[in-house]
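Structure first, then comments.
The values are calculated or read from the model by the stated rules, or taken from the named source; none is laboratory data. All figures in this text were calculated on a predicted structure; none of them were measured in a lab. Reconstructed Cβ throughout: ideal geometry from the backbone, glycine too, with neighbour counts over all protein chains shown.
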Amino acid sequence: MKILVIGSGGREHALTWKITRSPRVTSVWCAPGNAGTADEQTLTGDRPVENIPIGAEDIDTLLSFAQERRPDLTVVGPDNPLTLGITDRFQRHGLRIWGPDQKAARFESSKIFSHQFMIRHGIPCAQGAFFSDPKEAKAYARHLRGQCVVKADGLALGKGVSVCESIPEADEAITALLEKKVFGEAGERLLVQERLSGREVSLHALCDGTRYRLFPPSQDHKRAYEGNRGPNTGGMGTYSPTPFFSPDQMAQVQQEILDPWLTGCQKEGIAFRGMLYPGLMLTAEGPKVLEFNARLGDPETQVYLRRFRGDLIDILEASVDGKLDSVQPEWDDNAAVCVVIAADGYPGTYAKGKPVAGLAEAEAIPGVKIFHAGTRREDSGIVNSGGRILGVTAMGPTLTDALNTAYSAAERIRIEGSFYRSDIGTDALT
Ligand code: AMP
Ligand code: GLY
């Protein structure tokens, strides 16, 4: 099989790596990929993965490429191409593609749609209301005493959410979106929600239009600095499984969240084929949905694909073809960890072009696999091209073992000014 992977982050390197492990796969293209994807080889015939310089949002050029090269399956990583309708376009041209269509992707592309859907179908979530008038939004934030979360309706590069602790903070977030229009159209409407507290868990449900298969739970660390301080990022590190999330809670989540979600989709004519990734908060009143994403998480994918046993292509095809009843994903009992190494200044402005050293030394440690995110190969070697540079993953019989291995590998990586959180997973150990 010939596979086209779309995207350039750590998630896409992990997808590409796992896809090359399939005995069914003969060649892989990655558009646009990164320095890590280009270093992978297929099992069958040792064909290197080829990076194709087409951006993930350039749907016209991706479609032309696919029409010419005819991949047997296209695997979409990021949210933007899904929101732009890449699945609909490819399918109209008879190309097989994994990822929800534009209508199903609304669970991620419109937070207001998602919120209203949850209310319609009785799915537990934060109380909230949506606004396009700043005065009304600010009045509602006052009603919540400033203890609220302000969310741009549309996609805003993961930066459209402000978690507020006071009325002035909420006012500032509302002004930024509705008056200063910092996210343009994506922030023309916004959702103000009550601020929930509790532990966060990432769930992933692979869907085939009529059923879902739940992946094990994982946990991300969204804030930039230790102790969950600093600005929100795309994710600084993950681990799976999550010892504090019991099988009983998992059953509760299926019954209260995923089953009503699926029934709701059926009632509303939404055939969701792809990954539903609900972000949950385990509150004192039970699990509640913070948001729905319509793709795999990054860096959740990096730990999932270390633990996933079996052929990724089999389960992705079952999701595309409506045949999830024929597959049962199996998971390694070992724990997996991913520690993200980020550029100085991330998630704000940061320098690009810094040399990345120590990769071979770090990867020589048993149990370690390094997924590249913002990297590029130059004549001089590998340099950073993005804020999240690498995801250092490790496996171990316990979470502590996996963490020790991941951190000893991370210490060997040398990138001027870079940083990582040294407390990934420690919450789960206490
Ligand atoms: P989202 O993109 O909606 O997941 O929001 C990003 C992050 O903001 C989440 O991972 C949470 O840490 C936080 N967040 C979102 N909604 C809420 C909420 N209602 N209460 C508390 N924190 C939230
Ligand atoms: N792990 C956060 C995200 O993928 O949105």
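Brief remarks on what is shown
- For the range 258-284, the tally of residues that are closer than 21 Å to residue 322 by Cα, hydrophobic (A, V, I, L, M, F, W, C) and either in contact with a Leu (Cβ under 6 Å, 6 or more places away or on another chain) or away from ligand 2 (no atom under 16 Å from the Cβ) (or both) stands at 8.
- For the range 36-62, a residue qualifies if it is farther than 23 Å from residue 307 by Cα, small (Gly, Ala, Ser) and either touching a helix residue (DSSP H, G or I) at 6+ places or on another chain (Cβ under 7 Å) or surrounded by 15 or more Cβ atoms within 10 Å (Cβ to Cβ) (or both), and the qualifying residues are 55, 56.
- Exclusive hit being among the small types (Gly, Ala, Ser), assigned to a loop (DSSP other than H, G, I, E, B) and at pLDDT 95 or above, set 234, 146, 154: 146
- Meets criteria (within 25 Å of residue 251 (Cα to Cα) and more than 10 Å from ligand 1 (Cβ to nearest atom)) for residue 225: no
- Residues (assigned to a helix (DSSP H, G or I), in contact with a Pro (Cβ under 9 Å, 6 or more places away or on another chain) and more than 22 Å from residue 64 (Cβ to Cβ)) located in the range 3-19: 10, 11, 14
- Residue, surrounded by the fewest Cβ atoms within 10 Å (Cβ to Cβ), within the range 363-410, restricted to residues that are of a type in the set (D, E, K, R) and more than 27 Å from residue 333 (Cβ to Cβ): 379
- Residue check for residue 123: in a helix (DSSP H, G or I), among the aliphatic types (A, V, I, L, M) and farther than 18 Å from residue 320 by Cβ: no
- Among the candidates 199, 213, 145, residue that is touching a residue at least 60 places away in the same chain (Cβ under 8 Å) and more than 16 Å from ligand 2 (Cβ to nearest atom): 213
- The condition (being buried (at least 17 other Cβ atoms within 10 Å of the Cβ) and among the aliphatic types (A, V, I, L, M)) is satisfied by just one residue among 214, 190: 190.
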